[in-house]
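Heads up: the structure comes next, in structure tokens.
The values are calculated or read from the model by the stated rules, or taken from the named source; none is laboratory data. Every value quoted in this text rests on a predicted model; they were computed, and no experiment measured them. Note that we place each Cβ from the backbone using ideal geometry, even for glycine, and neighbour counts take in every protein chain shown.
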Amino acid sequence: MKHTINELEDIVSQVRRDIVRMVHGCQSGHPGGSLGCAEFLTALYFETMNHSTDFKMDGKGEDLFFLSNGHISPVFYSVLARSGYFEVSELATFRKLNSRVQGHPTTHEGLPGIRIASGSLGQGMSVAIGAALTKKLNKDHSLVFSLHGDGELQEGQNWEAIMFAPHNKVDNLIATIDYNGQQIDGPTEKVLSLENLQAKFEAFGWHVITSNGNNMEDIVKALEYAKSLTGKGRPILNLMSTQMGYGVDFMVGSHKWHGTAPNDEQLASALNQNKETLGDY
Amino acid sequence: MKKYTYSEKKDTRSGFGAGLHEAGQKNPEVVALCADLKGSLKMDAFADEFPERFIQIGIAEANMIGIAAGMTIGGKIPFTGTFANFSTGRVYDQIRQSVAYSNKNVKICASHAGLTLGEDGATHQILEDIGLMKMLPGMVVINPCDYNQTKAATLAIAEYEGPVYLRFGRPSIPVFTDPDQKFEIGKAWMVNEGTDVTIIATGHMVWKAIEAGEQLAELGIDAEIINIHTIKPLDEEAILKSLQKTGCVVTCEEHNKFGGLGESVARLLSTELPSPQEFVAVNDSFGESGTPDQLMTKYGLDTINIVEAAQKVIKRKK
């Protein structure tokens with residue numbers, strides 16, 4: 001391993017501080033899903049992926065990541081900055097005028113680390129499949145990772161992509177579902193039930209693994225296991241259980257913090273629960 | 001009036017198929033994606049010679065646009081192929097976010113555009129696609145006029161870096177442009193120089209504009225005919241230069257008059273050179289079943305409509 005679990009957890013603590021400070025700083029954005037995916041993104045960028053922070057759009061010879069649920073941009077931006085794609089000071093410009101750190105991720109302002117715009121939901125799996133197909137044509141044996149919200153699976157384009165990938169043996173793709181059971185209007189079970197997601201993906205021909213996305217050791221192991229399953233003719237789906245708002249006690253487990261910013265008092269409480277490890281931006 | 005003749009009729013979609021095949025031979029980065037319409041889009045030659053670079057998506061156009069966007073990452077040049085309706089309206093948000101806003105080098109190639117799709121009727125006859133595509137920042141919009149020009153345009157967009165919408169059609173129409181032409185994106189083609197009226201036409205309407213020019217000449221009217229194959233970016237210089245000479249214009253397109261070439265010309269003229277303009281275009285309606293010729297007549301897109309519009313617009317000159 002490149003890092004110990006303790007080191008990775010320290011990074012996560014700083015990422016959580018970045019998330020709540022960014023959202024507080026502009027009084028808008030999506031802290032809940034961002035906090036829930038802090039371990040996953042940290043594991044991916046600091047441990048799992050072979051990637052270069054000397055950013056090149058083509059990404060030849062390196063692992064790629066696509067964020068489909070673009071509204072959890074705070075965690076993406078924090079992890080990109082903390083891993084060296086751009087200066088952490090730029091996080092202070094999140095959602096502000098003339099910033100590269102837009103509300104939802106985009107290539108348009110040239111922020112290093114972003115390869116596709118996302119925000120309008122349901123498009124990322126198709127894009128990830130496309131990038132994976134190009135890697136195969138280029139005889140590039142690196143991998144493609146993607147992250148999708150569970151509520152996002154209500155978008156029909158996902159199911160076109162989910163059908164396509166096994167048929168075309170896109171076995172260099174590891175897609176992860178942030179399975180937190182929450183969406184803007186409430187629990188997914190009430191809004192539009194996902195039923196048995198594992199069985200659904202398996203029926204479409206995916207190799208499904210499960211993981212606990214809020215346990216660093218578990219998610220690191222799961223991603224390593226997922227990598228060992230690539231190249232065997234089937235795409236891999238990591239069904240990753242998380243809790244929305246994990247790491248901040250008054251946010252955890254509730255859809256109410258999907259897209260709400262903390263006030264000054266709430267920020268102080270959230271920061272108290274996550275120690276400063278790498279220095280605040 | 002310069003004389004134009006033709007020895008055969010061919011469909012513009014076959015020009016696309018020939019251009020795609022040649023582009024694939026020239027550049028190994030060219031890949032083709034199709035949503036279950038390989039035969040209709042004339043993609044067989046490409047698919048047969050380069051099976052590993054041809055991707056059958058199935059009936060899933062949104063997924064096709066997303067996969068095309070992703071394939072550009074790593075250097076591929078994807079050409080997507082389906083009918084114009086399913087290439088644009090059905091997948092507008094996918095094009096907007098994953099292709100246009102993300103500035104991906106995707107070529108959206110759309111056949112069976114307009115009324116001349118014929119008997120399938122209005123569900124398939126999109127008349128709004130030029131408007132949809134030209135409104136996207138950075139999107140190039142091209143609507144060539146015959147087999148040769150469509151082939152040349154297909155080769156040209158393979159060499160151009162950035163998103164492109166290429167619109168062509170189903171029916172066989174006269175082949176009258178140079179088979180060895182060099183296609184320049186954004187550069188108008190002067191079909192005939194004249195002094196009394198400018199006729200600006202795109203796509204299938206260019207041949208009709210030539211026929212109209214011949215009829216107008218018999219009536220003593222000297223028409224300048226310009227082929228605008230690239231609706232965006234518009235060759236503003238060529239249009240303004242012509243209007244300075246003629247002082248009035250007729251725009252001709254197989255598209256709704258709302259949002260099409262005519263409105264692009266009107267926008268330019270209203271600020272730079274206010275001039276009388278008449279629109280030969282579909283009058284804000286859907287199409288219906290019928291033969292291509294019947295439909296073009298019923299919806300006012302025939303040669304006679306161009307002739308009458310030219311006579312009318314000349315009278316409006318001060």
What is the one condition in (1) free of Cβ contacts under 8 Å to residues at least 12 places away in the same chain; (2) closer than 18 Å to A:L137 by Cα; (3) assigned to a helix (DSSP H, G or I) that B:G24 does not satisfy?
-> (1)
Starting from segment A:105-119, take each residue that is at negative phi and list its partners that are surrounded by fewer than 20 Cβ atoms within 10 Å (Cβ to Cβ) and among the charged types (D, E, K, R), counting only C-beta distances under 7 angstrom and pairs at least six apart or across chains.
-> A:E109/A:R100; A:L111/A:R100
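Only residues that are in a loop (DSSP other than H, G, I, E, B) and either of a type in the set (F, W, Y) or closer than 17 Å to B:C252 by Cα (or both): list them for segment B:197-229, please. Can you show your working first?
At the first step, the residues of segment B:197-229 found to be in a loop (DSSP other than H, G, I, E, B) are B:202-204, B:219-222, B:228-229.
Residues satisfying the conditions are B:T202, B:G203, B:H204, B:I228, B:H229.
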Kindly check whether there is at least one residue in segment A:51-59 that is in a helix (DSSP H, G or I) and farther than 16 Å from A:S118 by Cα.
-> no
Tell me the helices (runs of 4 or more DSSP H) entirely within segment A:101-197 that contain at least 2 residues that are crowded, with 20+ Cβ neighbours inside 10 Å and in contact with a helix residue (DSSP H, G or I) (Cβ under 7 Å, 6 or more places away or on another chain).
-> A:124-137, A:156-167
If you take the residues of segment B:34-61 that are at positive phi and either more than 10 Å from chain A (Cβ to nearest Cβ) or among the polar types (S, T, N, Q) (or both), which of them is nearest to the chain's Cα centre (by Cα)?
-> B:K42
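Here is a yes/no grid of residues against (1) surrounded by 23 or more Cβ atoms within 10 Å (Cβ to Cβ); (2) touching a residue at least 24 places away in the same chain (Cβ under 8 Å):
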{"site": "A:K232", "(1), (2)": "no, yes"}
{"site": "A:M244", "(1), (2)": "yes, yes"}
{"site": "A:F250", "(1), (2)": "no, no"}
{"site": "A:G259", "(1), (2)": "no, yes"}
{"site": "A:E265", "(1), (2)": "no, no"}
{"site": "A:A268", "(1), (2)": "no, no"}
{"site": "A:N274", "(1), (2)": "no, yes"}
Does B:E253 satisfy the criteria of being in contact with a Cys (Cβ under 9 Å, 6 or more places away or on another chain), under 19 Å from B:N192 (Cβ atoms), of a type in the set (D, E, K, R) and assigned to a strand (DSSP E or B)?
-> no
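Could you tell me whether any residue of segment B:297-315 is hydroxyl-bearing (S, T, Y), closer than 16 Å to B:A223 by Cα and either at pLDDT 95 or above or not in a strand (DSSP E or B) (or both)? Even if it seems obvious, please write down each step before you answer.
Looking only at segment B:297-315, we keep the residues that are hydroxyl-bearing (S, T, Y), and these are B:297, B:299, B:303.
Still in the running and closer than 16 Å to B:A223 by Cα: B:303.
Filter once more, so that each one left must be either at pLDDT 95 or above or not in a strand (DSSP E or B) (or both): B:303.
Among the residues of segment B:297-315, at least one is hydroxyl-bearing (S, T, Y), closer than 16 Å to B:A223 by Cα and either at pLDDT 95 or above or not in a strand (DSSP E or B) (or both), which makes the answer yes.
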Mind listing whichever residues of segment A:244-270 are touching a helix residue (DSSP H, G or I) at 6+ places or on another chain (Cβ under 6 Å) and either polar (S, T, N, Q) or farther than 28 Å from A:F201 by Cα (or both)?
-> A:G247, A:V248, A:M251, A:W257, A:A261, A:P262, A:L267, A:A270
Cross-chain or 6+ apart pairs with Cβ under 6 Å, segment A:51-70 first and at the interface with chain B (Cβ under 9 Å from one of its Cβ atoms) and among the hydrophobic types (A, V, I, L, M, F, W, C), then surrounded by fewer than 17 Cβ atoms within 10 Å (Cβ to Cβ) and in a strand (DSSP E or B) | none
Taking A:G25, is it of a type in the set (G, A, S), surrounded by 24 or more Cβ atoms within 10 Å (Cβ to Cβ) and farther than 29 Å from A:H141 by Cβ?
-> no
Which of the following residues is under 18 Å from the mean Cα position of the chain (by Cα) and modelled with pLDDT of 95 or more: B:I225, B:I221?
-> B:I225
A careful count of residues in segment B:87-115 that are more than 10 Å from chain A (Cβ to nearest Cβ), assigned to a helix (DSSP H, G or I) and buried (at least 24 other Cβ atoms within 10 Å of the Cβ) gives 3
Of the residues in segment B:242-256, those that are buried (at least 20 other Cβ atoms within 10 Å of the Cβ) and not hydroxyl-bearing (S, T, Y) come to B:L243, B:C248, B:V249, B:V250, B:C252, B:E253, B:E254, B:H255, B:N256
Taking segment A:88-138, which residues are within 7 Å of another protein chain (Cβ to nearest Cβ), within 23 Å of A:D150 (Cα to Cα), of a type outside the set (S, T, Y) and touching a Phe, Trp or Tyr at 6+ places or on another chain (Cβ under 8 Å)?
-> A:R115, A:I116, A:A117, A:V127, A:A128, A:I129, A:A131
Within segment A:121-151, the residues that are touching a residue at least 24 places away in the same chain (Cβ under 8 Å) and out of contact with any strand residue (DSSP E or B) (no Cβ under 8 Å at 6 or more places or on another chain) are A:G122, A:Q123, A:S126, A:K136, A:N138, A:D140, A:H141
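Got a sec? Which of B:D129, B:D146 is under 14 Å from the mean Cα position of the chain (by Cα), crowded, with 20+ Cβ neighbours inside 10 Å and within 15 Å of B:N256 (Cβ to Cβ)? Let's see the steps before the verdict.
Values: B:D146 fails: within 15 Å of B:N256 (Cβ to Cβ).
From the options B:D129, B:D146, the qualifying one is B:D129.
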Selection from segment B:116-134 of residues that are in a loop (DSSP other than H, G, I, E, B) and in contact with a Gly (Cβ under 8 Å, 6 or more places away or on another chain) = B:G118, B:E119, B:G121, B:A122, B:Q125, B:I126, B:L127, B:E128
A:E90 fails exactly one of the following numbered conditions: (1) crowded, with 24+ Cβ neighbours inside 10 Å; (2) more than 15 Å from the chain's Cα centre (by Cα); (3) not polar (S, T, N, Q). What is the number of that condition?
-> (1)
Those residues that are facing another protein chain (nearest Cβ under 9 Å) and of a type in the set (F, W, Y), I need them from segment B:62-84; list them, please.
-> none
